[in-house]
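Q: Have a look at this one.
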Amino acid sequence: MSEQIEVVAAVIRRDDQVLLAQRPKGKHLEGLWEFPGGKVESTESYEEALVRECEEELDITLENLELIHTVRFEYPEKTVLIRFFMASSFKGEPKGLEGQALKWCSIDDLQPDWFPAANQEVIQILQKEY
Ligand SMILES: Nc1nc2c([nH]c(=O)n2[C@H]2C[C@H](O)[C@@H](COP(=O)(O)OP(=O)(O)OP(=O)(O)O)O2)c(=O)[nH]1
Ligand SMILES: [Mg+2]
């Protein structure tokens, strides 16, 4: 069995839109759109990891994090355990600091096939409940 990686991802909200980032070339799941985030380091809480990742990747500081969904998914390459948090406010203006494309999209317009397989449940939850 492959190792399980702990991941945190942020559904960053501004009015009725959420922020998506495109996974860079050469990375796992390249070209697909994701909720920004990354791997949790052993010394930090989930919230701390997510704030750090969004400072590193987007140059913003998240506020008001609320856990909305957890999923475990086995990709052929690796197994991920992803915790998705709703971030209902943030400081700063998002920039793709790692060269990744960004886009704002309303929740109703999110297309499931833009996202990795592990994101399918959270997309459904967002479209039903938010
Ligand atoms: N951030 C994020 N990762 C996701 C989502 N859906 C999904 O399957 N993943 C997977 C892709 C990766 O295998 C893993 C997250 O790792 P990552 O590549 O973002 O990690 P990281 O930012 O720490 O980057 P690195 O150190 O590997 O360069 O979770 C999602 O919505 N957001
Ligand atoms: Mg990342």
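The values are calculated or read from the model by the stated rules, or taken from the named source; none is laboratory data. Quick caveat, the model's predicted, so the values are computed rather than measured. Note that each Cβ is placed from the backbone with ideal geometry, even for glycine, and that neighbours are counted across all protein chains shown. Each accessible area value is taken on the protein alone, full model and side chains, heavy atoms only, with ligands, DNA and RNA left out. Shrake-Rupley method; radii C 1.70, N 1.55, O 1.52, S 1.80 Å.
Q: Which members of segment 56-68 meet the condition of being within 17 Å of G38 (Cβ to Cβ) and in contact (Cβ under 8 Å) with a residue 24 or more places away in the chain?
A: E56, E57, L58, D59, I60, T61, L62, L65
Q: Hey, another quick one. Could you tell me whether Q124 is within 14 Å of the chain's Cα centre (by Cα) and exposed (fewer than 15 other Cβ atoms within 10 Å of the Cβ)?
A: Spelling it out, it is not the case that Q124 is within 14 Å of the chain's Cα centre (by Cα) and exposed (fewer than 15 other Cβ atoms within 10 Å of the Cβ).
Q: Limited to segment 11-35, what total is found for residues that are within 15 Å of ligand 2 (Cβ to nearest atom), without any contact (Cβ under 8 Å) to a residue 40 or more places away in the chain and open to solvent by 40 Å² or more (accessible area, probe 1.4 Å)?
A: 4
Q: Restricting attention to segment 23-54, report how many residues are more than 11 Å from ligand 1 (Cβ to nearest atom), at pLDDT 95 or above and not hydroxyl-bearing (S, T, Y).
A: Of the residues in segment 23-54, 5 are more than 11 Å from ligand 1 (Cβ to nearest atom), at pLDDT 95 or above and not hydroxyl-bearing (S, T, Y).
Q: Output the residues belonging to segment 1-35 that are assigned to a loop (DSSP other than H, G, I, E, B) and within 10 Å of the chain's Cα centre (by Cα).
A: Of everything in segment 1-35, just one residue is assigned to a loop (DSSP other than H, G, I, E, B) and within 10 Å of the chain's Cα centre (by Cα), namely F35.
Q: Hey, among the residues in segment 80-91 that are among the hydrophobic types (A, V, I, L, M, F, W, C) and more than 17 Å from Y130 (Cβ to Cβ), which one's surrounded by the most Cβ atoms within 10 Å (Cβ to Cβ)?
A: I82
Q: Does any residue of segment 63-79 turn out to be part of a helix (DSSP H, G or I), open to solvent by 60 Å² or more (accessible area, probe 1.4 Å) and out of contact with any Lys or Arg (no Cβ under 6 Å at 6 or more places or on another chain)?
A: No, every residue in segment 63-79 fails to be part of a helix (DSSP H, G or I), open to solvent by 60 Å² or more (accessible area, probe 1.4 Å) and out of contact with any Lys or Arg (no Cβ under 6 Å at 6 or more places or on another chain).
Q: Right, here's the next one. Picking from G38, G96, which residue would you name as being over 20 Å from D16 (Cα atoms), within 16 Å of ligand 2 (Cβ to nearest atom), in contact with a strand residue (DSSP E or B) (Cβ under 8 Å, 6 or more places away or on another chain) and assigned to a loop (DSSP other than H, G, I, E, B)?
A: Residue meeting the stated conditions: G96.
Q: Output the residues belonging to segment 70-80 that are closer than 18 Å to L29 by Cβ and free of Cβ contacts under 8 Å to residues at least 60 places away in the same chain.
A: Result: V71, F73, Y75, P76.
Q: Output the number of the condition that P94 fails; it satisfies all remaining conditions of (1) touching a residue at least 60 places away in the same chain (Cβ under 8 Å); (2) buried (at least 18 other Cβ atoms within 10 Å of the Cβ); (3) closer than 24 Å to E129 by Cα; (4) in contact with a Leu (Cβ under 8 Å, 6 or more places away or on another chain).
A: Going through (1) touching a residue at least 60 places away in the same chain (Cβ under 8 Å); (2) buried (at least 18 other Cβ atoms within 10 Å of the Cβ); (3) closer than 24 Å to E129 by Cα; (4) in contact with a Leu (Cβ under 8 Å, 6 or more places away or on another chain) one by one, P94 breaks only (3).
Q: Filtering segment 41-52 down to residues that are in a loop (DSSP other than H, G, I, E, B) and charged (D, E, K, R), which residue is least open to solvent (accessible area, probe 1.4 Å)?
A: Going through the qualifying residues, I end up with E44.
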